[in-house]
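**Q** Dropping a structure here in C-alpha cells format, bear with me for questions.
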Amino acid sequence: MMSQPSPSPSPSVILATASYDHTIRFWDAKSGRCYRTIQYPDSQVNRLEITPDKQFLAAAGNPHIRLFDVNSNSPQPVISYDSHTSNVMAVGFQCDGNWMYSGSEDGTVRIWDLRSGTCQREYESRAAVNTVVLHPNQKELISGDQNGNIRVWDLAANSCSCELVPEVDTAVRSLTVMWDGSMVVAANNHGTCYVWRLKKGTQTMTYFEPLHKLQAHDTYILKCLLSPEYCDPQRYLATASADHTVKIWNVDGFKLERTLIGHQRWVWDCVFSVDGAYLITASSDTTARLWTMNTGEAIRVYQGHHKATVCCALHDGTDNTAS
C-alpha cells in the first residue's frame, strides 16, 4: 500500500539513535532538534543501520530486526525479520541494498532477503556473535564472537574460509574493515586492537597478515571504526570505550591523534560522516554527540533519551541510486 507523501522533503542527513528507554529518535544533525520518535516496546535496540538508498532504518533488537521507513511518520515497522532466537548484535547491508546480514547472541550469522524478510542463509559461529562486517568485495562476511573467534564466511563457497583467535577467551567486541579492503581491525574486552593487512590469497580467499597490536584503552572497547573513503589520504581508527572516551588514531603508525573527552559514561557506538570530518558518538550518559575531527571538540549534543543511548546511525552521503 502506498503511504501518504511525506509533508516535508526527506532530510539530506539522516541521524538516528536508540536507547534503553525503548525509543528510536531521529535528529536534525545541525540544530540538534529531535523531529521523530519511534516507540520500541518489545526489547532494547542493540544496533541501527541505514540502507544505502537512505529509505529505511534497520533496528536490531531481541530477537528480531525491524525495518522502519525513514521518510514516513508511521510508528509501525515496514517488515520484521524473525528467525534469530536471541539478541541481534550486528546488522548491515550489501552495497546495493539487495540483502541484509546480521549476527546474534544465538551464535549465528544470517543473510536476509530485504524485501521478503526471509532468511536465506545461516552460518554457525558456535558462540555469541558480537560483531559482523561485510568485506568491501561484497563476497565475505567477517564475524567476531564472545569466545574470541574471528571467522570469514565466504558467500560464494557458502562456508567458513578462515578462522583466527587473536586472544583466547577474550571477546571480540567490534570489527571494522578499511573501505578499500586493505586492513581489518578487531577490538576486544581488554582494550586491545589487533590490526591485520588483508591480502588476496590464491583463490578469492582473503589472507590475514598481522600488522599491529594497539593497546588503545585499559578497559572494554565497545566499538572500533576505520574512516571512510572520502577521508583519504588521511586514514583514522576511532575506538569508543567504557572509559568514557573515544580515541582517534592515525592508521599510519597508529599514533594517537586526539582523545574526545566529554561523555560522562560508557561510549557504546560511533559513526563517521561521509568525509570523515565529523564523528557522532552514543553514550550511557543518555546523549549522542557530534565531534569535529579537526579540533576534537563536541560541537553538538543530542539530548532527549532518558536512559543509556547505545547506538547511532548516520547517512549524510548521496544515496547509492544517485550518480
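The values are calculated or read from the model by the stated rules, or taken from the named source; none is laboratory data. The shown structure was predicted, so the numbers you read here are calculated from the model rather than taken from an experiment. As a convention, Cβ positions derive from the backbone with ideal geometry for all residues, glycine included, and neighbour counts pool all protein chains shown. These accessible areas exclude ligands, DNA and RNA; they are computed on the full protein's heavy atoms, side chains included. Shrake-Rupley method; radii C 1.70, N 1.55, O 1.52, S 1.80 Å.
**Q** Could you check THR219 against (1) among the polar types (S, T, N, Q); (2) touching a Gly at 6+ places or on another chain (Cβ under 7 Å); (3) open to solvent by less than 10 Å² (accessible area, probe 1.4 Å) and say which number it fails?
**A** Of the numbered conditions (1) among the polar types (S, T, N, Q); (2) touching a Gly at 6+ places or on another chain (Cβ under 7 Å); (3) open to solvent by less than 10 Å² (accessible area, probe 1.4 Å), the odd one out for THR219 is (3).
**Q** Checking MET205 against (1) at pLDDT 95 or above; (2) closer than 28 Å to GLN138 by Cβ; (3) hydrophobic (A, V, I, L, M, F, W, C), which single condition isn't satisfied?
**A** All conditions are met except number (1).
**Q** Considering only the stretch 11-36, how many residues are in contact (Cβ under 8 Å) with a residue 60 or more places away in the chain and closer than 16 Å to THR287 by Cβ?
**A** So the answer is 13.
**Q** LEU237 versus (1) without any contact (Cβ under 8 Å) to a residue 60 or more places away in the chain; (2) closer than 19 Å to ARG289 by Cβ; (3) open to solvent by less than 40 Å² (accessible area, probe 1.4 Å): which is the lone unmet condition?
**A** Failing condition for LEU237: (1).
**Q** Looking only at the stretch 209-226, decide whether some residue is over 25 Å from ALA298 (Cα atoms), outside any loop (DSSP other than H, G, I, E, B) and of a type in the set (Lys, Arg).
**A** Checked the stretch 209-226: at least one residue is over 25 Å from ALA298 (Cα atoms), outside any loop (DSSP other than H, G, I, E, B) and of a type in the set (Lys, Arg).
**Q** Looking at VAL133, VAL185, which one is at pLDDT 95 or above, within 23 Å of LEU214 (Cβ to Cβ), open to solvent by 10 Å² or more (accessible area, probe 1.4 Å) and within 14 Å of the chain's Cα centre (by Cα)?
**A** VAL133
**Q** Now, a different point. (1) under 21 Å from GLY144 (Cα atoms); (2) modelled with pLDDT of 95 or more; (3) crowded, with 16+ Cβ neighbours inside 10 Å; (4) not aliphatic (A, V, I, L, M): which one isn't true of PHE272, the others all being true?
**A** Every listed condition holds for PHE272 apart from (1).
**Q** If you go through the stretch 130-157, how many residues are among the hydrophobic types (A, V, I, L, M, F, W, C) and more than 17 Å from ASN188 (Cα to Cα)?
**A** 7
**Q** Consider the stretch 33-70. How many of its residues are over 18 Å from the mean Cα position of the chain (by Cα), surrounded by fewer than 17 Cβ atoms within 10 Å (Cβ to Cβ) and outside any strand (DSSP E or B)?
**A** 4
**Q** All but one of (1) at pLDDT 95 or above; (2) not in a strand (DSSP E or B) hold for ASN73; which doesn't?
**A** Evaluating ASN73 over (1) at pLDDT 95 or above; (2) not in a strand (DSSP E or B) leaves (1) as the failure.
**Q** Restricting to the stretch 102-129, what's the tally of residues that are open to solvent by 10 Å² or more (accessible area, probe 1.4 Å), more than 20 Å from ALA187 (Cβ to Cβ) and not in a strand (DSSP E or B)?
**A** The qualifying residues number 7.
**Q** Considering only the stretch 206-226, I want to know if a residue exists there that is within 19 Å of the chain's Cα centre (by Cα) and more than 18 Å from SER174 (Cβ to Cβ).
**A** no
**Q** Could you check VAL172 against (1) aliphatic (A, V, I, L, M); (2) more than 30 Å from THR318 (Cβ to Cβ); (3) open to solvent by 10 Å² or more (accessible area, probe 1.4 Å) and say which number it fails?
**A** VAL172 satisfies all of (1) aliphatic (A, V, I, L, M); (2) more than 30 Å from THR318 (Cβ to Cβ); (3) open to solvent by 10 Å² or more (accessible area, probe 1.4 Å) except (3).
**Q** Can you work out which of the residues in the stretch 148-160 that are surrounded by 20 or more Cβ atoms within 10 Å (Cβ to Cβ) and touching an Asp or Glu at 6+ places or on another chain (Cβ under 6 Å) is farthest from ASN137 (Cα to Cα)?
**A** The residue in question is ARG151.
**Q** Have a look at THR309, THR292, THR287 and point out the one that is in contact (Cβ under 8 Å) with a residue 60 or more places away in the chain and open to solvent by less than 60 Å² (accessible area, probe 1.4 Å).
**A** THR309
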